[in-house]
Structure formats: C-alpha cells, structure tokens
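Participant: Please see the structure below; I have some questions.
The values are calculated or read from the model by the stated rules, or taken from the named source; none is laboratory data. Everything numeric in this text was worked out from a predicted model, so none of it was measured. All Cβ positions, even for glycine, are placed from backbone atoms using ideal geometry, and neighbour counts span all protein chains on display. SASA here: full protein model, heavy atoms, side chains in, ligands and nucleic acids out. Shrake-Rupley method; radii C 1.70, N 1.55, O 1.52, S 1.80 Å.
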Amino acid sequence: MSIKIIEVSTKKELRKFVKFNIKLYKGNPYHVPNLIDEEMMTLSKDKNPAFENCEAVYFLAYKDGKIAGRIAGIIVHECNRIWNQKNVRFGFVDFIDDEEVVDGLFDSVISWAKKKGMTTIHGPMGFTDLDHEGMLIEGFDRMGTMASIYNYPYYPKHLERMGFNKDQDWYEYKIYIPNGIPEKHQRIGNIVKQKYGLNIIKFKKRKEIWPYAYKIFDTLNKAYAPLYGFSPLTKKQINYYINMYIPMLRLDLLTVIVRESDDEVVGFGISLPSLSHAMRKAKGSLLPFGFFYLLKALYSKPKVIDLYLTGVLPEYRNKGVNALLFNDLIPEYIRLGAEYAESNPELSTNNAVQAQWDYFKREHHKTRRAFIKQI
C-alpha cells in the first residue's frame with residue numbers, strides 16, 4: 001500500500017478536494033453535503049475576500065492511486081494578532097479510517113505551518129466564524145444541518161491518537177416549539193421594549209433589508225468579538241456574505257430589533273426551515289434539480305427550524321433582548337407547524353446563550369470539539 005500527499009495547485013484538483021467529502025459519505029443517512037460551487041468559492045483565493053488577511057494550503061492524500069483524504073491549513077493573521085497567538089487552523093478535513101493517511105495529511109499541514117512561524121495547530125475551523133467549525137464527538141446518529149459538520153466517529157479518535165487535546169466545545173440543542181410564548185418571555189419582552197426604546201422590524205420585500213444589512217453585520221462583529229477564534233469581518237467580507245445570504249433569507253423568519261432613537265440594530269435573529277433533506281437530495285449541486293429541492297424546502301411549512309444566526313450588542317446582553325426576538329419568532333414557528341428547532345453550535349462556555357433555552361423543553365443532542373496541539 002502506498003500513501004501519497006499532494007498539494008492542491010489547480011482548479012481541477014480543488015474540485016476533487018471539494019467533492020471528496022460527498023464521495024466519502026455517500027449513503028450515510030446523517031451527512032448533509034455542502035454545495036460544491038459554494039465551497040469552491042470559499043476555498044478560491046480570487047473569490048473569497050477572507051484572503052485579504054488569510055493564507056491557506058490544501059492537501060489531498062492518495063492511497064493506491066485513489067483519493068483517501070483531504071485537509072486545509074489556514075492562517076488567519078488578524079485573528080492571531082487579536083488573540084496574540086501563532087495558530088494554524090486545520091479545516092475542510094476528511095479521511096478514511098487509516099493511520100498513514102491521517103498522519104500524512106496532518107504532517108503536511110504542520111510542516112507548512114512551521115515554515116510560516118506557527119507554533120500551534122487547532123481546528124477544525126474555517127476562514128471566519130461563519131464557516132463550519134468543530135468536529136462532532138457526540139450525536140453521530142443525528143441528522144446534520146446546513147451550518148454544521150458531520151463526521152464519522154473515528155475522526156476524533158485519530159485526533160486523540162495524534163496527541164490533540166480539547167480546546168473548545170460547542171453544544172447543539174433540539175428545542176421544542178411551545179404552544180405559545182412563555183409568559184415570562186412575554187413579560188420580559190414588553191418591559192425591555194419600553195425601557196430601552198426598542199422596535200421590532202419585519203420586512204415584506206427583500207429590498208427593504210438592504211438599509212439594515214451592514215448594520216446587522218456591524219452588530220454581529222461587536223456581539224461575536226469575545227467569542228472563541230473570532231476576528232471582525234472586513235467590509236469586503238461583509239459584502240461577500242450579504243450577496244450570498246440575502247437572496248436565501250425567508251422574510252417571515254427574519255427579525256431585527258432597532259433603537260427608536262437612531263434606528264441602529266441592537267439585535268437580530270435569522271432562522272430558516274431546515275434544508276438538510278433538500279441538501280441531501282441535491283447531492284452538492286444546484287443542477288439539474290438541486291435548486292428546485294432547496295427552493296421547495298425554503299418556502300415549505302417545515303417540521304424543523306434552523307436557528308441560523310443570532311446577535312445582540314454587548315451593552316444589551318443579559319437585558320432581555322433575546323426574549324423580544326423570540327416573542328416575535330415563536331408565533332411564526334407555530335403558524336408554520338414547526339415541531340422543534342435546531343440551535344446549531346453554541347459555545348459550551350457561553351452561558352448567556354444557553355440560558356435563553358431555560359424556558360423551553362430542550363435536548364442536548366450533539367457536541368462538537370475544536371482540538372489543539374503544540375507543534
């Protein structure tokens with residue numbers, strides 16, 4: 001048996017890199033494949049504005065002439081500056097259950113990182129906090145989501161074998177939709193709205209979002225600043241995500257909270273019908289039928305809601321703004337007949353976020369981990 005590691009250097013090789021994930025998980029009932037073209041954009045230096053302050057390398061492992069694994073090494077210079085670190089991230093990592101393959105992939109990233117002056121490797125993480133992050137360590141028998149990574153149970157075992165340790169965990173919750181707004185939520189929301197002079201903004205037309213788009217991302221930058229591995233999104237990155245995400249937002253499931261005095265965004269909540277089954281049917285491609293599957297799911301009456309993104313300005317944290325958000329969204333979920341929501345990954349150390357579920361029936365059903373190792 002022969003193992004060969006090659007550095008990805010052509011668009012054709014990059015497409016093989018992206019498609020390996022779909023090939024490896026073919027037939028797995030829990031894996032949700034990414035869209036190939038979207039991941040190609042994320043990994044392309046001429047398309048993803050994250051490369052303004054990042055550099056990356058991609059490796060493929062071949063065993064007996066067939067692709068057996070992939071890995072990306074990513075250095076986010078701004079993040080290292082903010083957190084005073086010399087970290088290289090590993091991400092977009094997949095491999096067969098083979099020690100030689102795994103060791104070859106990680107050794108290649110570590111060798112590259114050392115030449116760049118890095119002293120620590122951690123991940124899986126991407127270029128920004130909006131990329132997938134965290135390796136699944138619990139919940140292998142649960143369907144993945146569009147916003148999270150699914151991986152085989154042998155992945156974390158290989159990381160531990162290589163001497164990686166826990167750096168950070170994320171929890172995911174299954175939150176059951178109540179029959180109505182919890183009384184305490186309703187009361188807190190009303191108090192907060194009056195006390196701080198806040199308004200709930202809803203949109204009837206997509207073009208109405210644009211005046212608030214940059215404000216939403218400014219709030220996101222401020223809200224996420226203290227979180228693990230975060231660095232602020234640049235103007236070019238914000239433009240990139242606005243153009244990517246606004247077309248797929250469902251307006252009735254988007255809530256924005258603003259101050260009456262200056263119309264600044266204090267908080268926002270973005271949720272979507274679960275697209276997991278549609279993404280599985282699409283098999284990584286919008287053509288010939290993938291776009292139809294996704295569009296149908298996006299405008300369905302879903303049983304499952306994905307809580308995709310939420311942010312509240314730091315000065316309003318722990319003051320009940322989250323209650324105001326869900327006072328608006330819960331009736332929408334009930335109207336659609338949704339049974340439960342997927343929280344998507346929440347940092348295990350973020351007690352304020354987890355406390356917001358105390359008034360709901362919930363189940364902690366997945367855990368994912370960022371691993372770390374000195375190099």
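Participant: On the first, second and third principal axes, largest extent first, how far apart are the outermost C-alpha atoms of region 1-112 in Å?
Facilitator: Principal-axis extents of the Cα atoms in region 1-112, largest first: 42, 29, 29 Å.
Participant: Not counting ligands, DNA or RNA, and with a 1.4 Å probe, what is Met40's accessible surface area in Å² rounded to the nearest 10?
Facilitator: Surface open to solvent at Met40 totals about 10 Å².
Participant: In units of 2.2 N^0.38 Å, what is the alpha-carbon radius of gyration of the chain? Please report the intermediate quantities before stating the final value.
Facilitator: Details: Rg = 20.9 Å, N = 375, 2.2 N^0.38 = 20.9 Å.
Compactness ratio reported: 1.00.
Participant: Over the chain, average the accessible area per residue using a 1.4 Å probe and give it in Å², no decimals. All intermediate terms of the calculation are to be shown ahead of the outcome.
Facilitator: Values: 17080 Å² over 375 residues.
Dividing the accessible area of the chain by its residue count gives 46 Å².
Participant: Over the Cα atoms of region 37-185, compute the convex hull volume and normalise it per residue, giving Å³.
Facilitator: Looking at region 37-185, the number lands at 174 Å³ per residue.
Participant: Further question: So for region 49-106, averaging the separation of alpha carbon pairs under 8 Å that are six or more residues apart and normalising by length, what relative contact order in percent results?
Facilitator: Details: 89 pairs, mean separation 19.7, N = 58.
Across region 49-106, relative contact order equals 34 percent.
Participant: Further, regarding this structure: Using the Karplus equation 6.51 cos²θ - 1.76 cosθ + 1.60 (θ = phi - 60°), what ³J(HN,Hα) coupling, rounded to whole Hz, does each residue of region 55-60 give in order, writing x for Gly and Pro?
Facilitator: After applying 6.51 cos²θ - 1.76 cosθ + 1.60, I find 9, 8, 9, 10, 10, 10 Hz.
Participant: Continuing with this model, one more query. Could the peptides 80-92, 328-340 be put in order, highest first, of the mean number of other beta-carbon atoms found within 10 Å of their residues?
Facilitator: Details: 80-92: 18.9, 328-340: 16.7.
Answer by packing, highest mean first, reads 80-92, 328-340.
Participant: Lys361: which aspartates and glutamates have alpha carbons under 12 Å from its alpha carbon, excluding same-chain residues fewer than 8 sequence positions away?
Facilitator: Glu339
Participant: Could you pull out the pairs from Lys215/Lys319; Lys45/Lys114; Lys86/Lys319; Lys235/Lys281 whose alpha carbons sit more than 27 Å apart here? All intermediate terms of the calculation are to be shown ahead of the outcome.
Facilitator: On the way: Lys215/Lys319 20 Å; Lys45/Lys114 21 Å; Lys86/Lys319 36 Å; Lys235/Lys281 34 Å.
From Lys215/Lys319; Lys45/Lys114; Lys86/Lys319; Lys235/Lys281, over 27 Å: Lys86/Lys319; Lys235/Lys281.
Participant: Expressed in nm to one decimal, what extension gain is obtained for the pair Lys296 and Glu208 from 0.36 nm per residue of sequence separation less their Cα-Cα distance? Working shown, then result.
Facilitator: Values: separation 88, 0.36 × 88 = 31.68 nm, distance 2.32 nm.
Result for the pair: 29.4 nm of gain on full extension.
Participant: Separate question: What is the gain in length, in nm to one decimal, between Lys66 and Glu264 on full extension, counting 0.36 nm per residue of separation less the C-alpha to C-alpha distance? Mind dumping the intermediate values first?
Facilitator: Numbers: separation 198, 0.36 × 198 = 71.28 nm, distance 5.35 nm.
Answer, rounded to one decimal: 65.9 nm.
Participant: Using a ≥ b ≥ c from the Cα gyration tensor of region 182-255 (square roots of the eigenvalues), is it rounded, prolate or oblate, where a/c under 1.5 gives rounded and otherwise the larger of a/b and b/c decides, a/b for prolate?
Facilitator: Oblate, because a/c is 1.5 or more while a/b does not exceed b/c.
Participant: Would you mind classifying region 218-341 by shape? Square roots of the alpha carbon gyration tensor eigenvalues, ordered a ≥ b ≥ c; an a/c under 1.5 is rounded, otherwise it is prolate if a/b is larger than b/c and oblate if not. Walk me through the intermediate numbers first.
Facilitator: Working: a/c = 2.24, a/b = 1.41, b/c = 1.59.
Verdict is oblate for region 218-341.
Participant: So, one more: Quote the relative contact order of the chain in percent (integer), defining contacts as alpha-carbon pairs under 8 Å separated by 6+ residues.
Facilitator: Values: 713 pairs, mean separation 86.2, N = 375.
Taking the mean separation of contacting Cα pairs over the length of the chain, I get 23 percent.
Participant: Under Stokes-Einstein, with the Kirkwood radius over Cα pairs standing in for Rh, what whole-number D in µm²/s applies to region 328-375 at 10 °C and 1.306 mPa s? Could you put the intermediate results ahead of the total?
Facilitator: Details: Rh = 13.4 Å.
My calculation gives 118 µm²/s for D.
Participant: Label 7 Å along Cα→Cβ of Asn239; region 44-81 residues with amide nitrogen under 14 Å?
Facilitator: 47-52
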